[in-house]
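Please read the structure below before turning to the comments.
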2 protein chains.
Amino acid sequence: MLIVKKYGGSSVATPERVRNVARQIIEDVEAGHRIVVVLSAQGKTTDQLLARAREMNPNPSRRELDMLISTGEQQSVALMAITLQSMGYQAVSLNAFQVPMYTNKVYGSARLERIGTERLEAELDCGNVVLVTGFQGINRYEDVTTLGRGGSDTTAVALAAALHADRCQIYTDVEGVYTADPRYVKNARKLAEIGYDEMLELASTGAKVLHNRCVEMAKKYNVEIEVLSSMVKATGTIVKEDSLVERMMVSGVAADKNVARISVMRIPDRPGKAFSLFNLLSQNDINVDIILQSIGHDGTKDISFTVAEDSADEAVAILQEHLGQLEAAEVTCFKDVAKVSLVGAGMVSNSGIATQMFEALYNAHVNIRMISTSEIKISVLIDEDQVEEAVVAIHDQFRLYEKK
Amino acid sequence: MLIVKKYGGSSVATPERVRNVARQIIEDVEAGHRIVVVLSAQGKTTDQLLARAREMNPNPSRRELDMLISTGEQQSVALMAITLQSMGYQAVSLNAFQVPMYTNKVYGSARLERIGTERLEAELDCGNVVLVTGFQGINRYEDVTTLGRGGSDTTAVALAAALHADRCQIYTDVEGVYTADPRYVKNARKLAEIGYDEMLELASTGAKVLHNRCVEMAKKYNVEIEVLSSMVKATGTIVKEDSLVERMMVSGVAADKNVARISVMRIPDRPGKAFSLFNLLSQNDINVDIILQSIGHDGTKDISFTVAEDSADEAVAILQEHLGQLEAAEVTCFKDVAKVSLVGAGMVSNSGIATQMFEALYNAHVNIRMISTSEIKISVLIDEDQVEEAVVAIHDQFRLYEKK
């Protein structure tokens, strides 16, 4: 069996953890499997390199930043090869040039486009464990690119797709995908399986188990991902094609505190005004999530929307600057809000779900400030200090702790 | 004018030193020159990476070590590009894959074989300062190799040769090549010029200004090297083809304390015994320098030779192990010895030089333990604690402090 395994930075942060991961790899080698391992940079290496760059230049070029930070993964894979060799196993490390892994040219958030498998297969045929740098690629000019946050997960899925691997295992600091964050909800249950779309909705609503790009890539190439813990030996969660997943009405509750609500008050109630507003934000690469527009009166309306909290200040500054052009009266911003979402593939065919969710929040005395729905998700915006009770209330309401 | 400049690890060890080097580069850019800069890893980075490898494996594979330590130079060049950009100048960093710089396949001490100039020239044409990783290359299998100690100097000379550069400047922590080590000899004089062969003899006898491989490469491609200080603004020493150098009778005195003398006592005085002895050492990659054989009596002879002090223990262990096979009585080793050498292209045609050198040592009460001569060098082995007086005595004897 050909297995692609991915370990994150915290899993290889210390010499002892590197040895621990090496022993896990060896178990699979001893079981007769062919192994490709994707590694992130050790511990805080990437952040430290970024800090060193910013010390020299507060606004460093993305091309040079990628050249700099990509060294972290190269150190990880070489050290792991050295460790496996010390334990008596054959191993070889490969960077993005050597594989090769081609991306588009967008430094800092490149997308993988093409992976050569010849060298990988040759090294596997030689009996090597192959250690591949995560998070990076090269573009057609042979410049180093990085894939952005969660990039190593995407590398693992892309390698699994290119090599037609039998398994793609992503090791994290949690044991799998849960019905709710176990830090908030004591009886949260680990899901045995979840569909790609539900995983995408959970990821975009704060369950940071897998990055969206990685799940999108897995869905595109139909790669089954097994999410499991690098510390605890236990079965994880399989992320796979939705039709193969036992359809659950709801699969989980997720919370996202990195949310701010911005309101643009008394904007003229004329066609094109909403477009001007959101066009302004998208031109500045600010992603808007939930949008709510008041019913107009006196020829004006209020538009409220949510953005990631860390881009709120920039969004407000841009809107203030263009207040005259938008003909709006005022911009307000609230950061003490959070988004709580209920996700489930079965939701689309059951209209009572939203009602039950609102009932649970009402009983917990949680005030709903905004609502947004999709076919497999209902999100509400609430006050940040009520997140825990909201998640617990919804989790209990749908009895998510019970295996369906 | 196209200039290749090389800065070592200590020249870029701190953010302030990186900025200092950036300012020196900018001076040349402002003077209208096209600039290629070769950098080593910052400060002690390489040693730290080696230590991390040895923590995982006392005997790491050279292929993986090269993969690991080559990241140090990549960090240096990216950080320098980022720094130059912060000062308003265009810069781009390139690693061994990107240049490309091909070597043979000997990990840890590879030799540069072929350098592509297309990308370098394209980046220069775009108006970029081009920052190239020193010390490394890729072999024909696209694996990362490193060039060994002093490798970045060799990279600079090879790039200067490939690009037909007008100048090749190697910045070090000394101001140039001196008639003797200025730490020992107060009136040591900085040479304006020195020939390749003399520089090679000086380098191999302890003047660690330039590495031998770099000088050999410069001689092969007739690249003039300017050795100068990264800290002090002053004219350095030009290393160039000997026939173009004003032939001095003697150009300098060098001392090497990293020497040990090993003696193999009472080895049978039969043909083939010396061969067996030195073959044993060369098979174990131990380099022998001066060799002295006693005149045989009673059918046996003593063979003494010098090796680098840090390989003495290994050499003695090998010899002890094979004492029976060699039919020798005993192996002794003295580490408190040093080699002092007088180097000069004019030496070959002047037979009185050796006599004058021995006279100087006699007057300084320095006992000579071994003697070795070449066309442009006379070396003597003396007690380590007499090195300073020996160097001063020889320097004075030949009035090297005077410009000839």
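Exactly one residue out of A:THR154, A:THR145 is assigned to a strand (DSSP E or B), touching a helix residue (DSSP H, G or I) at 6+ places or on another chain (Cβ under 7 Å) and surrounded by 23 or more Cβ atoms within 10 Å (Cβ to Cβ), and it is A:THR145. Between A:ILE35, A:ILE3, A:ILE25, the distinction of being among the aliphatic types (A, V, I, L, M) and farther than 15 Å from A:GLN85 by Cα belongs to A:ILE3 only.
Restricting attention to region A:128-185, report how many residues are of a type in the set (Gly, Ala, Ser), under 24 Å from A:SER341 (Cβ atoms) and under 15 Å from the mean Cα position of the chain (by Cα). Final tally of qualifying residues: 3.
Inside region B:161-200, can you point out the residues that are in a loop (DSSP other than H, G, I, E, B) and of a type in the set (Gly, Ala, Ser)? Within region B:161-200, B:ALA165, B:GLY176, B:ALA180, B:ALA188, B:ALA192 meet the criteria. Yes or no: A:LEU131 in contact with a helix residue (DSSP H, G or I) (Cβ under 6 Å, 6 or more places away or on another chain) and under 22 Å from A:ARG17 (Cα atoms)? Criteria met by A:LEU131.
Search region B:37-55 for residues being part of a loop (DSSP other than H, G, I, E, B) and touching a Ser or Thr at 6+ places or on another chain (Cβ under 8 Å), and hand back the single one that is farthest from B:PRO100 (Cα to Cα). Show your work before the answer.
Going through region B:37-55, the residues part of a loop (DSSP other than H, G, I, E, B) turn out to be B:40-44.
Keeping just the survivors that are touching a Ser or Thr at 6+ places or on another chain (Cβ under 8 Å) gives B:40-43.
Details: B:SER40: 17, B:ALA41: 19, B:GLN42: 22, B:GLY43: 25 Å.
Top of the filtered list is B:GLY43.
Does A:GLY127 fit the bill of being at positive phi, more than 12 Å from chain B (Cβ to nearest Cβ) and among the small types (Gly, Ala, Ser)? Break it down stepwise before answering.
Numbers: at positive phi: yes; more than 12 Å from chain B (Cβ to nearest Cβ): yes; among the small types (Gly, Ala, Ser): yes.
Here the answer is yes, as A:GLY127 does meet what is asked.
For region B:45-55, the candidate set comprises residues that are more than 8 Å from chain A (Cβ to nearest Cβ) and in contact (Cβ under 8 Å) with a residue 12 or more places away in the chain; within that set, the residue that is surrounded by the fewest Cβ atoms within 10 Å (Cβ to Cβ) is B:LEU50. Applying the set (1) in contact (Cβ under 8 Å) with a residue 60 or more places away in the chain; (2) within 14 Å of chain B (Cβ to nearest Cβ); (3) closer than 23 Å to A:GLU175 by Cβ to A:GLN42 leaves exactly one unmet item: (1).
For A:ALA81, the test of being surrounded by 24 or more Cβ atoms within 10 Å (Cβ to Cβ), in a loop (DSSP other than H, G, I, E, B) and facing another protein chain (nearest Cβ under 10 Å) is failed. Scanning region B:382-403 for residues that are farther than 21 Å from B:ILE194 by Cβ, of a type outside the set (Val, Ile, Thr) and assigned to a helix (DSSP H, G or I) yields B:GLU384, B:ASP385, B:GLN386, B:GLU388, B:GLU389, B:ALA390, B:ALA393.
When residues of region A:84-105 are filtered for being among the hydroxyl-bearing types (Ser, Thr, Tyr), within 7 Å of chain B (Cβ to nearest Cβ) and assigned to a loop (DSSP other than H, G, I, E, B), how many remain? The qualifying residues number 0.
All but one of (1) in contact with a helix residue (DSSP H, G or I) (Cβ under 6 Å, 6 or more places away or on another chain); (2) modelled with pLDDT of 90 or more; (3) surrounded by fewer than 23 Cβ atoms within 10 Å (Cβ to Cβ) hold for A:ARG213; which doesn't? The one condition A:ARG213 does not meet is (2).
Within region A:19-39, the set of residues being crowded, with 24+ Cβ neighbours inside 10 Å and over 23 Å from A:CYS214 (Cβ atoms) comprises just one member, A:ALA22.
Matching residues to (1) in a strand (DSSP E or B); (2) modelled with pLDDT under 95; (3) at negative phi; (4) not aromatic (Phe, Trp, Tyr):
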site	(1), (2), (3), (4)
A:LYS5	yes, no, yes, yes
A:SER11	no, yes, yes, yes
A:ALA22	no, no, yes, yes
A:ILE26	no, no, yes, yes
A:VAL29	no, no, yes, yes
A:GLY32	no, no, no, yes
A:ILE35	yes, no, yes, yes
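Among the criteria (1) surrounded by 19 or more Cβ atoms within 10 Å (Cβ to Cβ); (2) at the interface with chain B (Cβ under 7 Å from one of its Cβ atoms); (3) among the charged types (D, E, K, R), the one A:ASP66 does not fulfil is (2). Here B:GLN320 fulfils each of the conditions (1) within 30 Å of B:LEU400 (Cα to Cα); (2) out of contact with any Leu (no Cβ under 6 Å at 6 or more places or on another chain) apart from (1).
If you take the residues in region B:162-176 that are among the hydrophobic types (A, V, I, L, M, F, W, C) and at pLDDT 90 or above, which one is nearest to B:GLY252 (Cα to Cα)? Show your work before the answer.
Start the filter on region B:162-176 by keeping residues that are among the hydrophobic types (A, V, I, L, M, F, W, C), which leaves B:162-163, B:165, B:168, B:170, B:174.
If we keep only those that are at pLDDT 90 or above as well, we get B:162-163, B:165, B:168, B:170.
Working: B:ALA162: 31, B:LEU163: 32, B:ALA165: 29, B:CYS168: 23, B:ILE170: 20 Å.
Ranking the qualifying residues of region B:162-176, first place goes to B:ILE170.
Of A:ARG62, A:ARG114, all but one fail to be touching a strand residue (DSSP E or B) at 6+ places or on another chain (Cβ under 7 Å), basic (Lys, Arg) and free of Cβ contacts under 8 Å to residues at least 60 places away in the same chain; the exception is A:ARG114. When B:PRO58 is tested against (1) under 19 Å from B:TYR107 (Cα atoms); (2) at the interface with chain A (Cβ under 8 Å from one of its Cβ atoms); (3) in a helix (DSSP H, G or I), just one condition goes unmet, and that condition is (3). Against the test of being in contact (Cβ under 8 Å) with a residue 24 or more places away in the chain, of a type in the set (Gly, Ala, Ser) and within 14 Å of chain B (Cβ to nearest Cβ), the options A:GLY148, A:GLY108 yield a single qualifying residue, A:GLY108.
Looking at B:VAL4, B:VAL36, B:VAL12 in this structure, which one is under 19 Å from B:LEU147 (Cβ atoms), touching a residue at least 60 places away in the same chain (Cβ under 8 Å) and within 14 Å of chain A (Cβ to nearest Cβ)? Result: B:VAL12 is the single residue among B:VAL4, B:VAL36, B:VAL12 that is under 19 Å from B:LEU147 (Cβ atoms), touching a residue at least 60 places away in the same chain (Cβ under 8 Å) and within 14 Å of chain A (Cβ to nearest Cβ).
Condition check ((1) within 14 Å of another protein chain (Cβ to nearest Cβ); (2) in contact with a Cys (Cβ under 7 Å, 6 or more places away or on another chain); (3) touching a residue at least 40 places away in the same chain (Cβ under 8 Å)) across all residues:
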position: B:GLN136; (1), (2), (3): yes, no, yes
position: B:ARG140; (1), (2), (3): yes, no, no
position: B:ASP143; (1), (2), (3): yes, no, yes
position: B:CYS168; (1), (2), (3): no, no, yes
position: B:ASP173; (1), (2), (3): no, no, yes
position: B:PRO182; (1), (2), (3): no, no, no
position: B:GLU201; (1), (2), (3): no, no, yes
position: B:GLU241; (1), (2), (3): no, no, yes
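Scanning region B:139-167 for residues that are closer than 16 Å to B:THR46 by Cα and among the polar types (S, T, N, Q) turns up B:THR145, B:THR146, B:SER152.
The values are calculated or read from the model by the stated rules, or taken from the named source; none is laboratory data. The shown structure was predicted, so the numbers you read here are calculated from the model rather than taken from an experiment. Note: ideal-geometry Cβ built from the backbone for every residue, glycine included; neighbour counts use all protein chains shown.
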